[in-house]
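Chemist: Below is one structure. I have some questions about it.
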Amino acid sequence: EVQKHSVHTLVFRSLKRTHDMFVADNAKPIPLDEESHKVKMAVKLRTEYGSVLHMPTLKENLREKGGPNTGDPYGHKQYSGNQGQDLEYLITGTHPYPPGPGVALTADTKVQRMPSESAAQSLAVALPASQSRLDANRTAAGVGDIYRHAGISERSQPPGMSVAMVEAGGNKNSALMAKKAPTMPKPQWHPPWKLYRVISGHLGWVRCIAVEPGNQWFVTGSADRTIKIWDLASGKLKLSLTGHISTVRGVIVSARSPYLFSCGEDKQVKCWDLEYNKVIRHYHGHLSAVYGLDLHPTIDVLVTCSRDSTARIWDVRTKASVHTLSGHTNAVATVKCQAAEPQIITGSHDTTIRLWDLVAGKTRVTLTNHKKSVRAVVLHPRHYTFASGSPDNIKQWKFPDGNFIQNLSGHNAIINTLAVNSDGVLVSGADNGTMHLWDWRTGYNFQRVHAAVQPGSLDSESGIFACVFDQSESRLLTAEADKTIKVYKEDDTATEETHPVSWKPEIIKRKRF
């Protein structure tokens, strides 16, 4: 009797059979067919170099090859503009070099390289007047144009078709070379990180965390409406600050003054004087919960972002709202500042990232590549680049225009936070409690961590809301939904032999957008 299977089972069996059938040939190059390769090369020659095939051959090439009628492997007939004449066609304007090793460089033996762009333009200027008129509407003469006009009789070719000549190193045959498949560069080895301390004390979700510039203590904000200051070395509680009437969503310590700034779901932005442990300033203006804040590194400016779809720039001393950055169409989840342009970067639940002009208070660039909410943005401390985190992907970008670099795929969860250190370790923390560690340069995911929740908590209370490296970048602190702060450090005992990089060079299947 034939056993009945579900369609699901049958489909997966079929997939497995197909996989087994082709797995042996995976990534193997297809054997080269000589005839089709010849045809391909002939077509390439005609399309890319058709306009220069009629040109006379260099004297030096004739000497080496033994005459003009040397056999052409691709069956092209030799074109000669003026047969019977002794022609020498050279383009001047670059450094001469002898035609072969051991040949003295004299006026008779010197050969010119491919022309530089400046030499090409000078040659274009020397064209006849009628030709100059024809070229008047072109911005600059390309090298292909020089080659085309320098021939005796110009062959007809479709308008707008340019000759693919490569200037670098005078390599004319680069288009005919077989292209090498792109491979991911080998990632730098990073030691794995291990949990070595769990700090408890908050009575609600720990939503935000920041380390002070002197690296002596750190501060956390929580859903229990308190801000707590902890000793970094021992993990002991030093101080609790009360004043917010709802969840504290952002904290940051100033490097320029003894101030701590905090914001929360009560729409309030507060400035605390840490010499008196009191609120000395309020920044009023947001119409809804304030989700994040950052300080400008070189001027006394505070930037906050809110559920009211705006980010606001405040003068720290006068409490004045300098600009309201409007343009997002949903809650702004994260904001970052830097000294270089663009000075402000925001990520929003409308799936976009905006780079702002601080002086004008206007958007410079809007990045629309993400498909889902952007809850986290982090700037690299050394490179002029940044990363953004969303449930669809982590993406890396280049300043100042937000050019896309690469995707870091694999952390399939709601990414709440990103942190990166100078060694190029990028950390992404997610709503489901998972933490992935990546090599910044290659996007290789070298470690995945899912720490157990505090005893007495539900498994569903496994979530990472914020993470940050301390100032020495030797410790990583995470703020979590089980009301704890977890502290990680690099495993000193690990070596590249004990924890090798399980990396394959052929894994370059990166979605571009």
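Chemist: From the phi of every residue in segment 272-277, what ³J(HN,Hα) in whole Hz does the Karplus formula 6.51 cos²θ - 1.76 cosθ + 1.60 yield, where θ is phi - 60° and glycine or proline is x?
Modeler: 9, 8, 7, 7, 10, 6
Chemist: Describe numerically, in nm with one decimal, the distance between label points set 7 Å from Cα along Cα→Cβ at Ser321 and at Asp33.
Modeler: So the label points at Ser321 and Asp33 sit 6.9 nm apart.
Chemist: Let me ask something else about it. Sequence-distant or interchain residues sharing an amide H contact under 5 Å with Thr310, placed H: which?
Modeler: Here Val332 satisfy the definition.
Chemist: May I pose another question? In nm, to one decimal, how far is the Glu496 label point from the Val279 one, both placed 7 Å along Cα→Cβ?
Modeler: Here the answer is 5.4 nm between the modelled labels.
Chemist: What is the sum of charges around Tyr384, taking Lys and Arg as +1, Asp and Glu as -1, for the other residues whose C-beta is under 13 Å from the C-beta of Tyr384?
Modeler: So the environment of Tyr384 carries a net charge of 0.
Chemist: Show me 282-290, 200-208 ranked by packing, highest mean number of other Cβ atoms within 10 Å first.
Modeler: So the order, starting with the most tightly packed, is 200-208, 282-290.
Chemist: Give the ranking of His5, His323 by solvent-accessible surface, highest area first, calculated with a 1.4 Å probe.
Modeler: His5, His323
Chemist: Of the listed peptides 482-492, 258-268, what is their order by residue-averaged count of other C-beta atoms within 10 Å, with the highest listed first?
Modeler: So the peptides 482-492, 258-268, ranked by packing, come out 258-268, 482-492.
Chemist: Using a 1.4 angstrom probe on the protein heavy atoms only, could you order Asp350, Asp431 from most to least accessible area?
Modeler: Result of the area sort, largest leading: Asp431, Asp350.
Chemist: Contour minus end-to-end for Thr242 and Ala339, with contour as 0.36 nm per residue of separation and end-to-end as the Cα-Cα distance?
Modeler: Gain in length upon complete extension: 31.7 nm.
Chemist: Let me ask something else. Once phi is turned into ³J(HN,Hα) by the Karplus curve 6.51 cos²θ - 1.76 cosθ + 1.60 with θ = phi - 60°, what whole-Hz value does each residue of segment 246-253 show in order, with x for glycine and proline?
Modeler: 8, 3, 7, 9, x, 9, 7, 9
Chemist: While we're here: Considering amide H positions built from the backbone, and no H for Pro or chain starts, which residues 5 or more places from Arg249, or on another chain, come under 5 Å of its amide H?
Modeler: Amide H neighbours of Arg249, under 5 Å, 5+ apart: Cys263, Gly264, Glu265.
Chemist: Also, I was wondering about something else. Once phi is turned into ³J(HN,Hα) by the Karplus curve 6.51 cos²θ - 1.76 cosθ + 1.60 with θ = phi - 60°, what whole-Hz value does each residue of segment 484-494 show in order, with x for glycine and proline?
Modeler: For segment 484-494, the Karplus-derived couplings read 10, 10, 9, 10, 10, 9, 5, 6, 5, 7, 6 Hz, x marking Gly and Pro.
Chemist: I would also like to ask the following. May I ask you to derive the relative contact order of segment 209-338, considering only C-alpha pairs under 8 Å and at least 6 residues apart, and to give it as an integer percent?
Modeler: For segment 209-338, the relative contact order is 15 percent.
Chemist: Sticking with this structure for a sec: Amide H neighbours of Ala466 under 5 Å, counting only residues 5+ apart in sequence or on other chains, H built in-plane at 1.01 Å?
Modeler: Sorted by chain and number, the residues that satisfy this are Ala479.
Chemist: Between Leu10 and Asp401, how many nm apart are label points set 7 Å from Cα along the C-beta direction?
Modeler: 5.4
Chemist: So, counting K/R as plus one and D/E as minus one, what does the shell of residues with Cβ under 14 Å around Arg13 add up to?
Modeler: After counting each charged neighbour, the total is +2.
The values are calculated or read from the model by the stated rules, or taken from the named source; none is laboratory data. Computed from a predicted structure; not experimentally measured. Cβ atoms come from the backbone with ideal geometry, glycine included; neighbour counts cover every protein chain shown. What goes into the accessible areas is simple: the full protein's heavy atoms, side chains included, and nothing from ligands, DNA or RNA. Shrake-Rupley method; radii C 1.70, N 1.55, O 1.52, S 1.80 Å.
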